[in-house]
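The values are calculated or read from the model by the stated rules, or taken from the named source; none is laboratory data. What you see is a predicted model; the values in this text were computed from it and never measured. Here the Cβ positions follow ideal geometry from the backbone for every residue, glycine too, while neighbour counts run over all protein chains shown.
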């Protein structure tokens, strides 16, 4: 039986042949999808779920759909080359590029920034769509993938050896976006510019359960700081001053009670 590597290599050769035939005018441009099961997703520091500011019912999550980075296939998709007019008329979110199944959501907004294509995705009120939404919402899934029609492209080759490295898509029409477990582009992830409040909420009971230990530690730190300050000034030791940590201890103790 063929291995995953052999199957992937065969698909890459067929894609290149189809693109070359398209360049000669012999056939239509092939459909290209960007996702893979061959490597881990890799999260960045700002990757997290973000609710829509319009309300929780919108269930909108901001995603980085594509970037100018070299992906796992060795390809590069130019952000400046995205053609979005058709997609904005039918902004579907699919599951794993399955065109036979109903959409699980839609893009409320899609736009480009420097080196990135982004979208705010809303999930449909169906059972399966809500299951997928919950995976993103709880941090068990992060990736997305784009399906597009190439309009202009060139081959990427090593400057010294001429070895084929991949493709550079210079202009491409976005057809759909899919929710996927592992994206071809390592940066195609849900993201947010705000703190992850769910993680903070989960951490709060842990802090509350250790409030006595924290209080003791805070007192020792405050006493030590006060002694060092007075010693440096040649004064008699003073009573420890209140500080932000002490205030936090008070809030935790009140919440526990």
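Exposed (fewer than 15 other Cβ atoms within 10 Å of the Cβ) and closer than 15 Å to residue 136 by Cβ: which single residue out of 124, 107, 96, 119 fits that description?
96
Filter the range 66-93 down to the residues that are closer than 24 Å to residue 126 by Cβ and either at pLDDT below 95 or surrounded by fewer than 21 Cβ atoms within 10 Å (Cβ to Cβ) (or both) and list them by number.
Answer for the range 66-93, where residues must be closer than 24 Å to residue 126 by Cβ and either at pLDDT below 95 or surrounded by fewer than 21 Cβ atoms within 10 Å (Cβ to Cβ) (or both): 88, 89, 90, 92.
Go through (1) free of Cβ contacts under 8 Å to residues at least 60 places away in the same chain; (2) closer than 28 Å to residue 23 by Cβ; (3) surrounded by fewer than 20 Cβ atoms within 10 Å (Cβ to Cβ) for residue 113 and report which single condition fails.
The one condition residue 113 does not meet is (2).
Checking residue 173 against (1) loosely packed, with under 15 Cβ neighbours inside 10 Å; (2) in contact with a helix residue (DSSP H, G or I) (Cβ under 9 Å, 6 or more places away or on another chain), only one condition comes out false. Which one?
Here residue 173 meets the rest and fails (1).
Examine the range 34-45 for a residue that is more than 17 Å from residue 145 (Cβ to Cβ), loosely packed, with under 13 Cβ neighbours inside 10 Å and modelled with pLDDT of 75 or more, and state whether such a residue exists.
The answer is no, given that none of the residues of the range 34-45 is more than 17 Å from residue 145 (Cβ to Cβ), loosely packed, with under 13 Cβ neighbours inside 10 Å and modelled with pLDDT of 75 or more.
Test residue 176 against the stated conditions and say whether it is at pLDDT 95 or above, within 24 Å of residue 96 (Cβ to Cβ) and in a helix (DSSP H, G or I).
no
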